[in-house]
Every structure is written in C-alpha cells, then in structure tokens.
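A.B. asks: Got a structure for you, questions after.
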Amino acid sequence: MATKYAVILLGTLPLSALATADETPLNVVATIGMIADVAQEVGGECVNVEAMMGPGVDPHLYQASASDVALLRGAEHILYSGYSLEGQLGSVLENFSARTPTLAVAPASIDPTSLITAQDVYGVDPHLWMDVSLWAQTLPTLSDAFSEARPECATTIETNTERYQAQLLALHEWVKESIASIPEEQRILVTAHDAFSYFGRAYDIEVEGIQGISTETETGIADIRSMADSVVANNVPAVFIESTINPRTIQAVIDAARQRGHEVTIGGQLYSDAMGDEGTVDGTYMGMIYRNTQHIVEALGGSLAPLPKALDDWASEWQLAQ
C-alpha cells in the first residue's frame with residue numbers, strides 16, 4: 001500500500017518536481033576517445049561521455065592536469081582502457097577508484113586468451129581496439145555498467161548495444177575483405193610504433209613498427225637501419241606516419257631506404273592511440289578504423305570493398321561513398 005500511495009502522491013506534483021538525479025544522463029569520463037565514442041553509442045541519451053584525451057594526444061606519455069582532476073571529480077563513472085595504456089595516469093585513476101566507480105574496460109571485457117603478450121614492461125599489448133571484433137566485446141560490459149547506474153534506461157541501452165554491435169561486426173568483415181585485396185607480397189604495414197599487432201592478426205597483414213609498444217622507448221639509429229633494410233628487402237611501396245607521433249622516424253626510414261636505391265612514399269597518416277578531429281568521421285571509432293583501412297589499402301595496391309548494407313545509415317550520416 002505504501003508504494004501505491006507514493007505513486008499517487010507523486011502524480012499530483014508538477015513534472016519539474018519529478019526530476020531526480022537518476023533521470024539525468026549519467027556523467028561519464030573516459031580516458032581515450034576509442035572508449036568514449038563507443039560508450040556514447042551504447043549509452044545514447046542516457047549518458048554524457050567526455051574524453052580526457054583528444055586528437056593527437058599520446059596516452060602512453062599523458063600526465064593529468066588540474067583540469068583533468070576536476071573533470072574526474074565531477075564524474076559519476078570513470079572508464080579507462082587498462083593494461084597500462086594510460087601509463088602515468090594509472091596512479092590517479094587508482095586514487096579515484098576509492099570514491100567513484102572506475103572501470104578498466106579492456107580487462108573486464110576481453111578474454112585473456114585473445115591478448116597479445118609483449119616482452120616489455122607492459123606484458124600485454126594494450127591496443128585492442130585495432131581488432132574491431134575484439135573491441136566490440138566491450139559493448140556488453142559498458143551496457144551492464146550503464147544499465148545498473150540508470151536502470152530506467154536499460155531497454156534503450158540494450159537496443160543501442162545491439163544496433164552498434166551489428167555495425168561493428170559488419171565493419172570488421174569489411175576491413176578483412178578490403179585488406180585481402182592487397183597483393184600478398186605487398187601486405188606489409190610499416191608504422192612509427194608497434195600499435196597495429198591486433199590489426200595485423202585480425203586482418204592478415206604483416207606489421208612492423210619502428211618503436212616498441214610504448215612511445216616512451218627511444219628509437220635508435222640501429223632501429224632505423226633495420227627497418228630500412230626490411231623495407232628494401234620486401235620492396236615495400238609505402239610506410240605510414242601516425243597522428244600522435246612525430247613523423248621524423250618514418251622520414252628517417254624513407255631517407256635510409258632511398259640511400260639504398262629504393263623509393264618509398266608516405267602512404268598516409270594513421271590513427272593509432274587517438275582518433276581524429278571531433279565532428280568528423282575520423283573523430284569516431286568506426287571512422288578511425290575506416291580511414292586507417294582506406295589509407296593502408298590504397299597505398300599498398302589494394303581496393304576497398306563495398307561497404308555492407310548494415311553500414312548504410314552510418315555511411316549516409318558521414319556522406320561516405322558506398
């Protein structure tokens with residue numbers, strides 16, 4: 001009876017008085033754009049997600065500012081990738097976890113047997129978003145977290161999750177088909193640092209990075225020479241710069257290959273540890289993968305596959321050729 005009475009009483013109040021904190025969008029802060037964008041797609045209008053790190057920002061080297069700490073203090077939920085990707089930010093996130101729900105998205109979502117191990121301080125390669133089918137596994141984790149925080153939104157969040165999951169799996173198959181069009185002898189991806197191993201494993205392309213997994217490591221003359229030798233020996237037509245890394249190491253490889261009589265070009269700028277500019281397709285997770293694939297395929301002699309029907313709405317939204 002008490003419950004019925006409460007409902008009747010509330011029904012007599014003006015709508016403005018019915019609003020509660022739980023009916024406002026969940027205030028979420030994510031460290032990197034690849035989590036923030038996926039989280040926003042899952043949560044829709046039920047969440048408001050803000051990324052700490054924007055375009056061109058390297059999470060390996062990132063240090064929290066006073067404004068970041070203020071942003072985290074105002075969050076109802078904090079999301080980060082995990083596996084030491086955020087480097088020096090780790091201790092800050094650990095401190096906040098005592099007062100705010102804080103989720104390491106990748107470890108909570110992805111089976112350890114799917115991880116690529118690394119022979120360095122990382123232990124695990126943290127760049128899991130490069131395999132779209134793996135990153136899609138974060139959706140149920142985010143869906144559960146948001147539905148628990150905003151149970152009145154659970155149905156909407158579930159619908160968003162199913163829609164976005166279908167799009168990601170369609171994108172995964174498109175990338176696989178597009179990369180397969182590159183002649184096998186030219187299917188070698190040379191980048192500034194070792195962020196594309198999951199991409200290489202998922203889409204059957206050999207990957208070579210000048211630096212290691214973390215950009216904190218230094219690139220030496222021996223690294224440049226070794227990469228130039230590989231580029232010449234494999235007759236690689238193009239190498240790639242990254243949006244978060246100074247292009248000087250890639251240029252050094254190009255110069256060293258030229259001295260050996262081999263001409264190699266820059267095939268384009270790839271997004272590795274950050275997405276593109278906000279408000280552009282490159283500033284979304286799906287757009288980041290799409291643009292990377294486009295640059296790689298076109299520079300290495302392949303041809304893009306037609307976008308699948310499941311991506312019609314997305315392609316139309318961003319005015320992409322279908």
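A.B. asks: Which Cα, out of ILE116, TYR290, MET34, lies furthest along the positive dipole direction of the chain (beta carbon charges, K/R +1, D/E -1)?
C.D. replies: Highest projection toward the positive end goes to MET34.
A.B. asks: Under a 5 Å amide H to amide H cut-off, with H placed in plane at 1.01 Å, what residues pair with HIS193 once short-range neighbours are removed?
C.D. replies: Here the answer is ILE210, GLN211, since their amide H atoms fall under 5 Å of that of HIS193.
A.B. asks: Run the helix sum for the chain: -39,500 (n - 2.57) per DSSP H stretch of 4+ residues, divided by residue count, reported at 222 nm to the nearest 500 deg cm²/dmol. Mind dumping the intermediate values first?
C.D. replies: Values: 14 runs with 141 residues, N = 322.
Per the formula, -13000 deg cm²/dmol.
A.B. asks: Okay, moving on. Quantify, in whole percent, the carbon and sulfur part of the accessible surface of the stretch 175-318 (1.4 Å probe; protein heavy atoms only).
C.D. replies: Details: 2700 of 6070 Å².
The value for the stretch 175-318 is 45 percent carbon and sulfur by accessible area.
A.B. asks: Let me ask something additional. For GLU23 and GLU50, calculate 0.36 nm times their separation in residues minus their Cα-Cα distance, and state this gained length in nm to one decimal.
C.D. replies: On the way: separation 27, 0.36 × 27 = 9.72 nm, distance 1.86 nm.
Here the segment from GLU23 to GLU50 would lengthen by 7.9 nm.
A.B. asks: With axes computed from alpha carbons, what is the tilt in degrees of helix 248-259 against the longest principal axis of the chain, rounded to the nearest 10 within 0 to 90?
C.D. replies: It works out to around 20 degrees.
A.B. asks: Keeping the other protein chains in place, figure out the carbon and sulfur percent of the accessible area of the stretch 18-122, with a 1.4 Å probe.
C.D. replies: On the way: 2380 of 4740 Å².
That share works out to 50 percent.
A.B. asks: For the stretch 232-255 and the stretch 71-131, what is the separation of their C-alpha centers, rounded to whole Å?
C.D. replies: Cα centroid to Cα centroid, the span is 29 Å.
A.B. asks: Still on this structure, please answer the following. So for the stretch 26-155, averaging the separation of alpha carbon pairs under 8 Å that are six or more residues apart and normalising by length, what relative contact order in percent results? Present the calculation step by step, with values, prior to reporting the outcome.
C.D. replies: Values: 181 pairs, mean separation 32.8, N = 130.
Taking the mean separation of contacting Cα pairs over the length of the stretch 26-155, I get 25 percent.
A.B. asks: Modelling each spin label as a point 7 Å along the Cα-to-Cβ direction, I'd like the ARG73/GLU278 distance in nm, to one decimal.
C.D. replies: Taking the simple label geometry, ARG73 and GLU278 are separated by 2.1 nm.
A.B. asks: Percentage of Cα-Cα pair distances in the stretch 26-155 greater than 19 Å, rounded to whole percent? Please report the intermediate quantities before stating the final value.
C.D. replies: Details: 3891 of 8385 pairs.
Counting every Cα pair in the stretch 26-155, those more than 19 Å apart make up 46 percent.
A.B. asks: Against the longest principal axis of the chain, how steep is helix 138-149, in degrees 0 to 90 to the nearest 10, with axes from Cα atoms?
C.D. replies: Compared with the principal axis, the helix lies near 20 degrees.
A.B. asks: Pairs of Cα atoms under 8 Å, at least six residues apart: use those to get the relative contact order of the chain, whole percent. Can you show the working numbers first?
C.D. replies: Working: 532 pairs, mean separation 57.4, N = 322.
Relative contact order, the chain: 18 percent.
A.B. asks: Answer with a single label: of (1) 20.0; (2) 20.6; (3) 21.2, which was calculated as Kirkwood radius over Cα pairs in Å from the structure in view?
C.D. replies: Correct label, based on the coordinates given: (3).
A.B. asks: Can you list, largest first and rounded to whole Å, the semi-axes you get for the stretch 175-318 by taking the square root of 5 times each eigenvalue of its Cα gyration tensor? Could the numbers behind the result be given before it?
C.D. replies: Working: eigenvalues 146, 62, 29 Å².
Equivalent-ellipsoid dimensions as semi-axes: 27, 18, 12 Å.
A.B. asks: Could you state the angle between the C-alpha long axis of helix 33-43 and the longest principal axis of the C-alpha atoms of the chain, as a value from 0 to 90 degrees rounded to the nearest 10?
C.D. replies: Relative to the chain, helix 33-43 is tipped by roughly 40 degrees.
A.B. asks: To continue, here is another question. Sequence-distant or interchain residues sharing an amide H contact under 5 Å with LEU26, placed H: which?
C.D. replies: Excluding prolines and chain starts, which carry no amide H, the hits are VAL47, ASN48.
A.B. asks: Which whole-number value in Å² is the accessible area per residue of the chain, probe 1.4 Å? Don't skip to the end; give the middle numbers.
C.D. replies: Working: 14740 Å² over 322 residues.
Heavy-atom accessible area per residue stands at 46 Å².
A.B. asks: Quick one: the Cα spread of the stretch 85-238 along its three principal axes, in angstroms, biggest first?
C.D. replies: 59, 38, 23
A.B. asks: Would you please put 301-311, 227-237 in order of how densely packed they are, using the mean number of other Cβ atoms within 10 angstrom per residue and starting with the highest?
C.D. replies: Working: 301-311: 15.5, 227-237: 17.8.
Order by mean packing, descending: 227-237, 301-311.
A.B. asks: Can I ask one more? Based on alpha-carbon atoms only, what is the radius of gyration of the stretch 80-147 relative to the globular estimate 2.2 N^0.38 Å? Walk me through the intermediate numbers first.
C.D. replies: Details: Rg = 12.6 Å, N = 68, 2.2 N^0.38 = 10.9 Å.
Relative to the rule-of-thumb radius for its length, the stretch 80-147 sits at 1.15.
A.B. asks: Another question, if that's okay. With only Lys, Arg, Asp and Glu charged, each at its Cβ (+1 for the first two, -1 for the last two), find how big the charge dipole of the chain is about the Cα centre; round to the nearest 20 debye.
C.D. replies: The calculation lands at about 160 debye.
A.B. asks: Using packing as a proxy for protection, rank 72-78, 89-95, 269-275, 315-321 so that the peptide with the highest average count of other Cβ atoms within 10 Å comes first. List each step's numbers first, then the result.
C.D. replies: Details: 72-78: 17.6, 89-95: 15.3, 269-275: 24.6, 315-321: 11.9.
So the peptides 72-78, 89-95, 269-275, 315-321, ranked by packing, come out 269-275, 72-78, 89-95, 315-321.
A.B. asks: If we sort 181-189, 24-32 on the protection proxy, mean other Cβ atoms within 10 Å, highest first, what's the order? The partial results should precede the final answer.
C.D. replies: Details: 181-189: 16.4, 24-32: 21.3.
Top to bottom by mean Cβ count within 10 Å: 24-32, 181-189.
A.B. asks: In whole percent, what relative contact order does the stretch 175-318 give with Cα contacts below 8 Å and a gap of six or more residues?
C.D. replies: Numbers: 224 pairs, mean separation 39.2, N = 144.
Here the relative contact order equals 27 percent.
A.B. asks: For the pair GLU148 and ASN234, what calculated FRET efficiency results from E = 1/(1 + (r/R0)^6), where r is the Cβ-Cβ distance and R0 = 45 Å, to the nearest 0.05?
C.D. replies: Details: r = 50 Å, r/R0 = 1.11.
FRET efficiency, ASN234 to GLU148: 0.35.
The values are calculated or read from the model by the stated rules, or taken from the named source; none is laboratory data. Quick caveat, the model's predicted, so the values are computed rather than measured. So basically every Cβ, Gly included, is an ideal-geometry build from the backbone, and we count neighbours across all protein chains shown. For the accessible areas, the whole protein counts, side chains as well, though only heavy atoms, and no ligand, DNA or RNA atoms are used. Shrake-Rupley method; radii C 1.70, N 1.55, O 1.52, S 1.80 Å.
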